[in-house]
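The values are calculated or read from the model by the stated rules, or taken from the named source; none is laboratory data. All values reported here derive from a predicted model rather than from experimental measurement. FYI the Cβ positions are ideal-geometry reconstructions off the backbone, even for glycines, and counts take in every protein chain you see. Heads up: the accessible areas ignore ligands, DNA and RNA and are worked out on the full protein's heavy atoms, side chains in. Shrake-Rupley method; radii C 1.70, N 1.55, O 1.52, S 1.80 Å.
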Amino acid sequence: MSKVHVIIYSRPGCHLCDDAKAAIMSAGCDDQFVLDEINIESDDELLSKYRYDIPVITIDGVESFIHRVDAKEFRTRIRRMNAD
């Protein structure tokens, strides 16, 4: 079974991003996904798209959370993706 790909779009100094990462890691399913973090400041297009909406979390390419992540809902979505 391949792991679900999770991306968090963030930028340095973003406390909401830190909170989102903490929620993701506390969800209790970290063995079921691969997490990448992308600094939106590294790409002009990403900076333009997400400047006022970080963090944005995608799960297998689908925008799933913006600003805040609920650990229980994150776990539910990851498990649902792994079941498909």
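With distances taken between every two different alpha-carbon atoms, the chain has a Kirkwood hydrodynamic radius of 12.8 Å. With contacts taken as Cα pairs under 8 Å and at least 6 residues apart, the chain reaches a relative contact order of 41 percent. With protein chains left intact and a 1.4 Å probe, residues in the chain average 60 Å² of accessible area per residue.
Here the simple spin-label model places points 7 Å from the Cα toward Cβ, and for Ile38 and Ala83 these points are separated by 2.9 nm. So what's the back-of-envelope 222 nm ellipticity for the chain, counting only DSSP H runs of four-plus at -39500 (n - 2.57) apiece and dividing by all residues, rounded to 500? Taking each H run of at least 4 residues, the total per residue is -11000 deg cm²/dmol.
Spin-label pair Lys49-Arg68: with each label point 7 Å from Cα along the Cα-Cβ axis, the two points sit 2.5 nm from one another.
Across the accessible surface of the chain, with the other protein chains kept in place and a 1.4 Å probe, carbon and sulfur atoms take up 47 percent.
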